[in-house]
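The values are calculated or read from the model by the stated rules, or taken from the named source; none is laboratory data. Keep in mind that what you see is a predicted model, and the values were worked out from it rather than measured. Positions of Cβ are generated from backbone atoms using ideal geometry, with glycine treated the same way; all protein chains shown enter the neighbour counts. Heads up: the accessible areas ignore ligands, DNA and RNA and are worked out on the full protein's heavy atoms, side chains in. Shrake-Rupley method; radii C 1.70, N 1.55, O 1.52, S 1.80 Å.
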Amino acid sequence: MKRLWRDRGGKWALLALLFMSLTALFADVLASDLPLAVRVDGTTWWLPCVTKPAALRGQSQLSLASSAEWMWRTPIHFGPLQTLAVTGEDRPTPPPWAPDETHWLGTDELGRDVAARLVHGARVSLLVGLLTMIIAVGVGLLIGGIAGYAGGLTDVVLSRVLEVMQTFPLVFFLIALLSVLRTQSLWPLVIALGLTRWTEVARLVRAEVLSLESREFVLAARALGASPARIIARHLIPNALGPVLVVATFGVGSAILLETALSFLGIGVAPPTASWGELLTEAHRTLHHPGAWWLAVFPGLAIALTVLSVNALGEAVRRSSNSAR
Amino acid sequence: MRRYVLRRLLLMIPTFLGITLLTFVIAQLAPGDPFQLDLEVVGPGQAVIDLQRTSKGLDAPLPLQFGRWLSRVVRFDFGRSFIDQRPVTEKLGEAAPRTALVAGLALVLGFGLAVPLGVLLATRARRWWARVLSVLLVAAWSVPTFWIAVILLMLFAGPRYFDWFPVQGLAEGGFVLPVICLTWPTLVVATRQVRSALEDALAQDYVKAARARGIPERRVVWRHALRNSLLPVVTMLGLHLPHLVGGSVVIERIFGIPGMGLLAFDAIGTRDYPTVMGVATVMALVTMLSMLLVDLAYGFIDPRIRLERSA
């Protein structure tokens, strides 16, 4: 970690990712239909944007502005799902509206604030990227470790399975699997993505295990009577972890990109929930509003910056694990 | 060499079986079958549904269904589509050339441009424009293809900015934008590969030796170093094909190209099993063949491998 911080690219990547994670974590405080704090009708509410009290249901920062004694607004005054019908904004032209001082990054066709949707979409994208890779690394370590250690027939069979997974265009697999599951929530998506992304990790682990297996310390462990499971878990996998970490980091980036593609195909996270892929899909659907550039540009930039940081982090991890050897 | 080819071909059989089995299982996992989808609305009664199922062989035990299907696949007969009753082979025949055109152009353009670009970046690494270019390359790697498509459509296919290309379809130059979108990731990945392989090769002793003998730098790079660094690039070409096919699903949907990707996507949605399995089989065959070709190409590029394998 320290070595990463000293690496110039790694430092910037870590900072950028920290910023993104904090944005995702505090999405409710940054952009919400309810304010940070408000005093209305003699009661004071703290953080109604997070707690969403029933008494304030149906209210928004716009409607509260006139009735409240005082109010602390969230930095972005809108929630991700607040449509024109809710905000009741009165403008001469129908949305999408271009960026201005009310909507910093403009609104979509329904009058929803793009900035608010971006901030909340960060949650889905980062979660999908991270969780997918955790699952993929888990499965990859297991299968690659077994294939490399056991050798023989097990290795041949598992290698065939690996080849099948690599040859088969995975988008088809994902489309089929997700249309079978038919629920457009986060978990099935993450599990399906994870189950398709493990091949690279497995291939790597298998190769590493094969090269480590004949080293003295493994022979010593075996001579001392350690079980195969213990040798794999305690001796082989920790030593193979460096390259795996590199692949995993890059994998987070590609998982985020894949999520956007799946959202576009209509099998990502269900529509009203904001995700970056869904925002881009919205932009594509709104192409008939020529000149609504803000719908495509800002989500695209958010995705590109995040994936860029992840990839830069991957490069930095590669550099630092190379110099460690 | 011949023995090696034979061995490779034999090893393809279990992989092929695995892929067809995977497709079959996925198709079976889908809840319900096409007749439920269709007939529930009309309500013709269970008897009609059962009759339909029997006539399509959907009442047979699963292993038997798979066996029947496999025996027909070997004869390139994928049956008829459940949806419009046309032979799947015919539908594939219509869709495949469109995908082949777009993906093929992208592959050729991507790798064709990647070689000179990679060489430039490896040999002129210290120039300011080379640095800018390599930063741009990393940035370009992080951009979703699908975003590029939306931006391109907005700029070049709408009435607002430049109305040069049609929004949908391949006619009237409509293939230009999809080809650009698919070339993009190919070019980025391939350029990185060419550059790093060439950088490794240029650090080798034989390059030093060639320079010492007074061979012109241009010749050293293009003849000596590049030839040896093409091996990993060719490997990547084979591995890149599934990605290209996957990418074409999204691209075909955005640009409304009725190719293999769109065919598969629609077929999965309507549970048209024969079509789904037809597309997947053809795709898998193409990928496997290209991997085989890549492996064989090694032998031609690198004589060492040829010797090793025939031994």
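Peptide B:264-276 has a mean shielding of 3, counted as Cβ atoms of other protein chains within 10 Å of each residue's Cβ.
Counting only other chain Cβ atoms within 10 Å of each residue's Cβ, the peptide A:153-165 averages 3. Among the DSSP helices (H) of chain A, those spanning at least 24 angstrom by Cα along their long axis with an average Kyte-Doolittle hydropathy of 1.6 or more are A:114-150; this is a geometric and hydropathy rule only. The calculated FRET efficiency for the pair A:Thr102 and B:Arg86, based on their C-beta separation and a Förster distance of 56 Å, comes to about 0.55.
The phi torsions of segment A:34-39, fed into the Karplus equation with coefficients 6.51, -1.76 and 1.60 and a -60° offset, translate into couplings of 10, x, 5, 8, 8, 10 Hz, rounded to whole numbers, with Gly and Pro shown as x. Descending by average beta-carbon neighbour count within 10 Å, the peptides A:30-39, A:228-237 line up as A:30-39, A:228-237, the highest first.
Evaluated with a Cβ-only charge set (Lys, Arg +1; Asp, Glu -1), the protein assembly as shown carries a dipole of roughly 3140 debye about its Cα centre, given to the nearest 20. A convex hull fitted to the Cα coordinates of segment B:90-218 yields 154 cubic angstrom per residue.
Entry comment: accessible area of the protein assembly as shown is 48 Å² per residue, from protein heavy atoms only and a probe of 1.4 Å.
The equivalent ellipsoid of segment B:179-302 has semi-axes of 41, 16, 8 Å, largest first, where each one is the square root of 5 times an eigenvalue of the Cα gyration tensor. Sorted largest first, the spans of the alpha carbon positions of the protein assembly as shown along the three principal axes are 89, 73, 65 Å. Counting Cβ atoms of other protein chains within 10 Å of each Cβ in A:294-305 and taking the mean gives 3. Fully extending the segment from B:Lys208 to B:Ala100, taken as 0.36 nm per residue of separation minus the present Cα-Cα distance, adds 34.6 nm. Extending 7 Å from the Cα toward the beta-carbon at both A:Leu22 and A:Val157 defines two label points whose distance is 5.1 nm. Surface composition of the protein assembly as shown: carbon and sulfur make up 66 percent of the accessible area, probe 1.4 Å.
Dividing the Cα radius of gyration by the Kirkwood radius, what Rg/Rh value follows for chain A? Write out the running numbers ahead of the final one.
Details: Rg = 24.2 Å, Rh = 22.3 Å.
Rounded to two decimals, Rg/Rh equals 1.08.
Mean projected area of the Cα convex hull of segment A:198-295, taken over all directions, amounts to 8.8 nm².
Inter-label distance, B:Phe156 to A:Arg319: 3.5 nm, where each label sits 7 Å from its Cα along the C-beta direction.
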